[in-house]
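Below: the structure, in structure tokens.
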Amino acid sequence: MIPLGLDNLAAAVNPKWVTARYFTEGWGTFFKEELYTLAILNLLVGLVGFVLGHSITCTALHMAVVVVARRVMAGGFCCSSKKLDGQTIVVTGCNVGIGRATVRDLSLRGARVVMACRDTHMADKVAAEIRRETGGDLVAMKLDLASLASVRSFAAELRANIGEIHMLINNAGVMFCPYKKTEDGFEMQMGTNHLGHFLLTNLLLPLMTHSQPARIINVSSLGHAGGIIPLEDMNYEKSYNKYEAYFNSKLANILFTRQLAKKLKGSNIQVFSLHPGSVQSNLSRHIVNKGNLPTGRLSALLMKTTVEGIQTTLYCALEAQQQEPYYYSDCNIAFTIKAARDDALAERLWLVSEEMVGLSKTSELSPDSKTQ
Ligand SMILES: NC(=O)c1ccc[n+]([C@@H]2O[C@H](COP(=O)([O-])OP(=O)(O)OC[C@H]3O[C@@H](n4cnc5c(N)ncnc54)[C@H](OP(=O)(O)O)[C@@H]3O)[C@@H](O)[C@H]2O)c1
């Protein structure tokens, strides 16, 4: 059952989004992104105005409303011009969607990007495309978050070949899939979205504790507001609802970030979780019929483009300073539900996750494991 209440309603609204900055910055990127959509929409508005005999002023007003409405949909923009030369950044699930757009931007800023993808053939192709455009240093590596063995072998390869990681962006995700299990017997959404990233982050921590500041960014979702942590039935053996399982995994992302912040207190690693907005991507592949084009096109009008969808990730990567509740939306700190701010729950989830992924505190996490 999705818990309803004022707390969840408040989580749905980022009370800080209406700032002067929101309406004064990012128009350049907005118009570049939206030129085509705005042209079509305003052509339609113009035609309707002409047929209905509206005055030019009235039609112009309607067109302005269309622009403002799309601007609100587009959300906050991160206008940082910060360069990332010399930094190594790992991004998970980045052969498509939000991850791919994130990699492109980071590469344009000079970062060396490790693309951690399960489909290495496609990732190699995407890396080559981005490299051609940015001239950047991109490496595609195999990572299947639905396999603990794959996570361990990816981490071991990084430890062997890469000295330092300055940023880890846990972006990969699967949504609303039918009941399926990962290689290790975990329910697919909790297994991929939370447990795979939980293990990966812990295994890469030794590469992040160096003299330069580092960041860990977990891409969560507003959907966390409908989530609970099913501590007694983490693999949904008793009952399964694909929607709730996704929301629960996204709540787990925020609680993981919270407990990580506690564990990393006093270190030079900052942690963030975020909601990217409602973004045009492949995420709804398990529920949307690809043949249903008109619905897809129409719903796209209410969604962000991928470039708009990466703005909060960029904000967390470039500008934000870690602060409670470690959850951001539209380039601003955002409100979360009470469960996402529950320290005791965050700690319990950590312990349960540690046990599920078989994280051995001694050998896998020691700084010496860098060379293992
Ligand atoms: N789009 C939205 O409106 C929205 C809203 C809120 C939150 N989010 C979050 O944003 C993140 C990115 O989603 P997106 O919208 O860009 O979706 P997407 O286009 O479906 O991309 C998801 C990425 O995750 C990868 N992935 C899935 N399972 C994996 C696994 N087992 N191991 C490694 N990689 C795996 C996918 O790889 P394959 O291509 O090989 O499947 C793909 O690269 C997700 O965490 C999602 O929950 C998105």
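Taking all Cα pairs closer than 8 Å and separated by 6 or more residues, the relative contact order of the chain comes to 21 percent. Ordered from longest to shortest, the equivalent ellipsoid semi-axes for segment 88-361 are 24, 24, 19 Å, each the square root of 5 times a Cα gyration tensor eigenvalue.
Exposure proxy for Thr134, Thr209: other Cβ atoms within 10 Å of each Cβ, ordered fewest to most, give Thr209, Thr134. With neighbour counts taken as other beta-carbon atoms within 10 Å, the residues Leu274, Leu61, Leu84, Leu359 rank, fewest first, as Leu61, Leu359, Leu84, Leu274. Along segment 168-185 the Karplus relation, 6.51 cos²θ - 1.76 cosθ + 1.60 evaluated at θ = phi - 60°, assigns HN-Hα couplings of 10, 10, 7, 9, 4, x, 10, 10, 6, 7, x, 4, 8, 10, 7, 3, 9, x Hz to successive residues, with x for each Gly and Pro. Ordering Phe256, Phe23 by the number of other Cβ atoms within 10 Å of each residue's own Cβ, fewest first, gives Phe23, Phe256. Modelled label positions at Glu164 and Arg132, each set 7 Å beyond Cα in the direction of Cβ, lie 3.4 nm from each other. A simple rule links phi to the HN-Hα coupling: the Karplus curve 6.51 cos²θ - 1.76 cosθ + 1.60 with θ = phi - 60°, which for segment 226-237 gives x, x, 9, 9, x, 4, 7, 8, 4, 9, 6, 7 Hz, with x for Gly and Pro.
Across the chain, the longest run free of exposed loop sites, meaning GluC sites (Glu not before Pro) lying outside DSSP classes H, G, I, E and B with no more than 11 other Cβ atoms within 10 Å, spans 1-231. Based on alpha carbons, the Rg and Dmax found for segment 48-168 are 21.1, 70 Å.
Helical content alone sets the calculated 222 nm signal of the chain at -14000 deg cm²/dmol, taking -39,500 (n - 2.57) per DSSP H segment of four or more residues and averaging over every residue. For segment 61-69, putting each phi into the Karplus relation 6.51 cos²θ - 1.76 cosθ + 1.60 with θ = phi - 60° gives couplings of 5, 4, 5, 5, 5, 4, 5, 5, 4 Hz, in residue order, rounded to whole numbers and with x for Gly and Pro. The packing ranking of peptides 100-106, 141-147, highest mean first, is 100-106, 141-147, where packing means the average number of other beta carbon atoms within 10 angstrom of each residue. Length gained on full extension, Lys125 to Ser267, computed as 0.36 nm times the residue gap minus the Cα-Cα distance: 47.4 nm. In this structure, the amide hydrogen of Ala334, modeled 1.01 Å from its nitrogen in the peptide plane, lies closer than 5 angstrom to those of Tyr327, Tyr328, Ser329, counting only residues at least 5 positions away or on a different chain. Between Lys338 and Ser299, the contour length at 0.36 nm per residue exceeds the Cα-Cα span by 11.0 nm. Its residue count N sets the reference 2.2 N^0.38 Å, and the alpha-carbon radius of gyration of segment 206-276 equals 1.32 times that reference.
Just so you know, all these numbers are worked out from the coordinates, no wet-lab data involved. For clarity, every value in this text was computed on a predicted model and none was experimentally measured. Counting neighbours? That spans all protein chains shown, and the Cβs are built from the backbone with ideal geometry, glycine included.
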